[in-house]
Amino acid sequence: FLIGRLHTLCRRCPGIMTGQNNKPIPDWETLTFSLTETDFMYRSIGNTERDPVWDEGDYIPFEDITVSPAAALMSYGVGVFEGLKAQKTTGGKILLFRPDANGRRMQNSAERLMMPPFPTEQFVESCVELVRRNERFVPPPEYGSLYLRPMQHAIEPQLGLGPCSKLATHIFCSPVGSYFRGGSPRGVRLKVLEQGRVAPGGTGSAKAMGNYAGAIWVAQQWKDQGFDDVLYLDSHHLKYLTETSGSNPFVLLRSGVLVTPPLDSQILPGITRDSTLRIARELLNLDVEERALPIQEVIEEGVEMFCTGTAWTLLSVRELVYNDQVKLLETEELRGELLKVLRGIQAGDREDPFDWIREV
């Protein structure tokens, strides 16, 4: 009984038995989108042969994890991940933005890879507690945010390919600055590629770990030529916009309609994408369409373009290059209006009509 009570106390109280690492705080002035190790991370072990599948989890010092070289994660990439941010307000509060939405998306991604979903309520509470235990790493509001990286993956040693019964969920966090720190303040340059990011019917709508590795080589070739990223067309027709390496595109047409590609098996359902759609429709009363958007229509009729993502937030596109056509986009007025509302909600500076904020 006493051992059980002590274990519960250790889980709830930072610094008891698990040890407070007291890792150094980074220089806020030079903060970039890169890893800074924090004091604690979260770990939960899952097993489909028991009920409930997932244990309560533990908050442990940030450290290396041990996994069998035969784990399905290692050979087959059976793993998914998420990304979300905690923001400090000018009044000193710490706010998480839509953690429940990230929890639901991780469930959908896990189910696509035949892993048992991690409970959304446990996901949210674990994120809240992890931020609380790493509170000193949350940057001042003008310097950045605390980025959380939840992951779920198979740890079962398995030589053959098939569903796994033993799994782990880890969540770690890191203070981060701008994703494109040092880049152009007027937006990004994108190279349009006549190829798909993922195969139709594959795992493109899941945030699967393996989706991203193949894109590194593709994008780096064009980054070496001065572009910030690439914009993929659809795999079926090589005609319609899908995604960049990690963001959803929006285009304002000459007609005044804001358009973004519809969700399908090639497009990740971005949390920031959904937030932008709701702000545009319900708060700014804009004419918004989710439909197939041909690249030629963007070249001929587009007047403004931006991309959305947790890391990117809302980032303007200043130039598109498609084959021998160069499209310059010289305005970012709409992006500015949308971003002002979004950041206002995230920072607690304006009313949250959608109940998106979770205070830590």
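Numbers at a glance
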{"quantity": "Set LYS166/LYS207; LYS93/LYS166; LYS88/LYS340 screened for pairs whose C-alpha atoms are more than 28 Å apart", "calculated": "LYS93/LYS166"}
{"quantity": "The range 50-136: relative contact order in percent, alpha carbon pairs under 8 Å with at least 6 residues between", "calculated": "23 percent"}
{"quantity": "Contour excess over end-to-end distance, with Cα ends at GLU37 and GLU301 and 0.36 nm allotted per residue", "calculated": "90.5 nm"}
{"quantity": "Viscosity 0.692 mPa s, 37 °C: Kirkwood-radius Stokes-Einstein D of the range 46-153 over Cα pairs, µm²/s", "calculated": "213 µm²/s"}
{"quantity": "Protein accessible area in the range 267-360, 1.4 Å probe - carbon and sulfur %", "calculated": "41 percent"}
{"quantity": "Kirkwood-based Rg to Rh ratio, the range 81-221, C-alpha trace", "calculated": "1.02"}
{"quantity": "Normalised contact order of the chain, rounded percent, pairs of Cα under 8 Å and 6 or more residues apart", "calculated": "17 percent"}
{"quantity": "Sparsely packed GluC sites (Glu not before Pro) within the range 75-147, loop by DSSP, other Cβ within 10 Å at most 13", "calculated": "GLU142"}
{"quantity": "Reference-scaled alpha-carbon Rg (2.2 N^0.38 Å with N residues) for the chain", "calculated": "1.03"}
{"quantity": "Accessible area of the range 68-135 belonging to carbon and sulfur atoms, whole % at 1.4 Å probe", "calculated": "51 percent"}
{"quantity": "Computed over the range 173-244, the ratio Rg/Rh where both radii use C-alpha atoms and Rh is Kirkwood", "calculated": "1.00"}
{"quantity": "Listed residues THR66, THR48, THR90, most fluctuating in the chain (Gaussian network, C-alpha, under 10 Å)", "calculated": "THR66"}
{"quantity": "Kirkwood-type radius of the range 107-183, with distances r between different C-alpha atoms, in Å", "calculated": "14.8 Å"}
{"quantity": "Most to least packed among 153-163, 313-323 [average Cβ atoms within 10 Å]", "calculated": "313-323, 153-163"}
{"quantity": "For the range 215-341, the Rg and Dmax computed from alpha carbons only, in angstrom", "calculated": "13.8, 40"}
{"quantity": "Cross-link partners of LYS223 among lysines (Cα-Cα below 20 Å; sequence separation of 8 or more within a chain)", "calculated": "LYS191, LYS327"}
{"quantity": "Relative contact order of the range 97-237, pairs being alpha-carbon contacts under 8 Å that are 6 or more residues apart, as %", "calculated": "22 percent"}
{"quantity": "Stokes-Einstein diffusion coefficient of the range 29-105, Kirkwood radius over Cα pairs, 20 °C, 1.002 mPa s, in µm²/s", "calculated": "133 µm²/s"}
{"quantity": "Helical contribution to [θ] at 222 nm, DSSP H n ≥ 4, -39,500 (n - 2.57), averaged over the chain, rounded to 500", "calculated": "-7500 deg cm²/dmol"}
{"quantity": "Convex hull volume per residue for the range 318-360, taking Cα atoms only, in Å³", "calculated": "109 Å³"}
{"quantity": "1.4 Å probe accessible area per residue over the range 197-245, in Å²", "calculated": "46 Å²"}
{"quantity": "Rotationally averaged projected area of the range 257-305 (alpha carbon convex hull; nm²)", "calculated": "3.7 nm²"}
{"quantity": "Alpha-carbon Rg/Rh ratio, for the range 208-251, with Rh computed the Kirkwood way", "calculated": "0.97"}
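The values are calculated or read from the model by the stated rules, or taken from the named source; none is laboratory data. Just so it is clear, the model here is predicted, and its values are computed rather than measured. Please note: Cβ atoms are built from the backbone with ideal geometry, for glycine as well, and neighbour counts cover all protein chains shown. What goes into the accessible areas is simple: the full protein's heavy atoms, side chains included, and nothing from ligands, DNA or RNA. Shrake-Rupley method; radii C 1.70, N 1.55, O 1.52, S 1.80 Å.
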